[in-house]
Each structure stands twice: as structure tokens, then as C-alpha cells.
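I have placed the structure first, in the form of C-alpha cells, so that the comments after it can refer back to it.
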Amino acid sequence: MSGRLVAGASPTKLASWIGPSRTALLIIDMQVDFASPAGAVGLAAADLGDIPAALAAASRLAQAAREAAVSVVFVHLETRDETDSAAWAERIRRRGGLPGKALALCRAGTPGADFRGPRPAQGDLAIAKTRYSAFFGTDLDARLKAKGKDTVVVCGLTTDCCVDCTVRDAFHLDYHVFLAADACAAYDSRLHGAALQSLETNFAILAPTEEIIAAWGMPKRTHR
């Protein structure tokens, strides 16, 4: 399920919905530990087959956003011993796992926390988080509101986890949410598809990367 614009919505309408003055592109957790064969998830034998295409699509989105003067925000997991959740650790333990190993993702200052695929450029914003949602425990909402943004285009990893949580929180914070479905991926295509279906039903409008890029290339419009 790659996503398509809602029926009856023209490219011109999409361009007004995600106009540069009102929109931020949120790129979620495209980092070594989640996206590289040499990262923690890859070394744990997760299926990374769908990841490269999502990284490439997100890179195109980031470049198009910069050219259109859309705010680009890289949201990245950055963990430390002191930020680890006791509830997460206990859940892992109860499921028979090893909390110390499972929680050691994207440790601050380690190669696993580095960006993979698209990378922040001058003028982009980087927001570190310690939980799934980009909005939980961060100042992302305040920063977006200060810039006058009421709309977000979301992409990243993984569709069923951190992207899902971010989209839901953005909707609950009254943002207009668009999901670049083919610039997201999961380690199981079934979970990816199910997450997209749920988010499209309740929280976001799905659109392919190329339609979003085309909309940003149209003449800027200010009407809503």
C-alpha cells in the first residue's frame, strides 16, 4: 500500500494543503541502528528489504522541501542509561528478552545513532527524542507552532511504531497530517500495510512522494 491522494483532490488542492508557509517535513528515525545492516536491528536479522527505497524517497522529499522553503525536521532517537524506561525494560523482561540489549538502541555518541539516508543540511532542525513519538518529551510542538506551522508531512521508520505514534500525536495536537507512504517502511510488509490502513482511516491523508514533490514545485498559494 503506497498511498494515494484522497479521491477528488487535485494537485492544486494538495499544493495549497501542504504549502511551504504552513508545512514542516518530519523525517523520523532514519538512523544506522534502524536502517543499516551494520546497525542493531540489522544485526538482529530483521528484514531490511524495504528500507533502502524508503530512505531514497525520504532523501528526495528532503531536497524538494528545502528547494520549496518547507521546514525540514529530522527527529532522531538518542538514548542514555538515565533515559531508559523502567516500564519498557520490564515489558522486555516479561517477554523473555534482555532489557540491556534491547534498550541499547541509538545510544548517544555511538555509530548506531548516526543518520542513515537523508541527513540534516544547514537550516534543517534536528530534534532528539527518547520515546516512540516525535512529540513526547520534546519541544517539537512548540517549535512548529512558533514557526506558524499547522501541517506536517511525515516519513520515516518504522511505519508501525515511531511513525505511527508521531502521526497520532500530531493529529491529536491539531495538525493537518500527511503521510508520505512510500517514504516509510517497516521490517514486515504486513505491518507496514496495516499501519498505513489504520492511519489513513483515522489520522492522516496518504500521498506518494512524487505527488508531494510535485505539489511543492507548483506556484506557492496561501489560501486554505
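The values are calculated or read from the model by the stated rules, or taken from the named source; none is laboratory data. Predicted model only: the values in this text are computed from it and were never measured. FYI the Cβ positions are ideal-geometry reconstructions off the backbone, even for glycines, and counts take in every protein chain you see. Accessible surface areas use protein heavy atoms only, side chains included; no ligands, DNA or RNA. Shrake-Rupley method; radii C 1.70, N 1.55, O 1.52, S 1.80 Å.
Restriction of the chymotrypsin sites (Phe, Trp or Tyr not before Pro) in the range 92-155 to DSSP coil positions whose beta-carbon has at most 16 other beta-carbons within 10 angstrom yields PHE136. Note on the range 155-195 and the range 97-143: Cα centroid distance 16 Å, given to the nearest whole angstrom.
Each residue of the range 117-132 was assigned a 3J(HN,Hα) from its phi angle through the Karplus expression (A = 6.51, B = -1.76, C = 1.60, θ = phi - 60°), giving x, x, 10, x, 10, 4, x, 6, 9, 10, 10, 8, 10, 10, 10, 5 Hz with x at Gly and Pro. For the chain, the number of Lys pairs with C-alpha atoms closer than 25 Å, counting only pairs eight or more positions apart or on separate chains, is 11. Each helix, a run of at least 4 DSSP H residues, gives -39500 (n - 2.57); summed and divided by the residues of the chain, these come to -10000 deg cm²/dmol at 222 nm. With the charge dipole of the range 89-191 set up from +1 on Lys and Arg Cβ and -1 on Asp and Glu Cβ about the Cα centre, the Cα lying farthest toward the positive end among the listed residues ALA102, THR151, LEU140 is that of ALA102. Value of Rg to Rh for the range 64-195, rounded to two decimals, is 0.97; Kirkwood radius and Rg both from alpha-carbon coordinates. Within the shell of other residues whose beta carbon sits under 14 angstrom from the beta carbon of VAL72, the net charge comes to +4, with Lys and Arg scored +1 and Asp and Glu -1.
Each of HIS176, HIS192 has its accessible area taken with a 1.4 Å probe; listed largest first, they run HIS176, HIS192.
Within a Cβ distance under 13 Å of LEU25, other residues only, what is the Lys/Arg minus Asp/Glu net charge? After counting each charged neighbour, the total is +3. Of the residues GLY193, GLN122, HIS176, the one whose Cα sits farthest towards the positive end of the charge dipole of the chain is HIS176 (charges of +1 on Lys and Arg Cβ, -1 on Asp and Glu Cβ, taken about the Cα centre). With equal scatterers on the alpha carbons only and no solvent term, can you work out the Debye log10 of I(q)/I(0) for the range 136-224 at 0.11, 0.12, 0.15, 0.17 1/Å? Each listed q maps to, in turn, -0.32, -0.38, -0.59, -0.75. Rolling a 1.4 angstrom probe over the protein heavy atoms with all chains in place gives the chain an accessible area of 47 Å² per residue.
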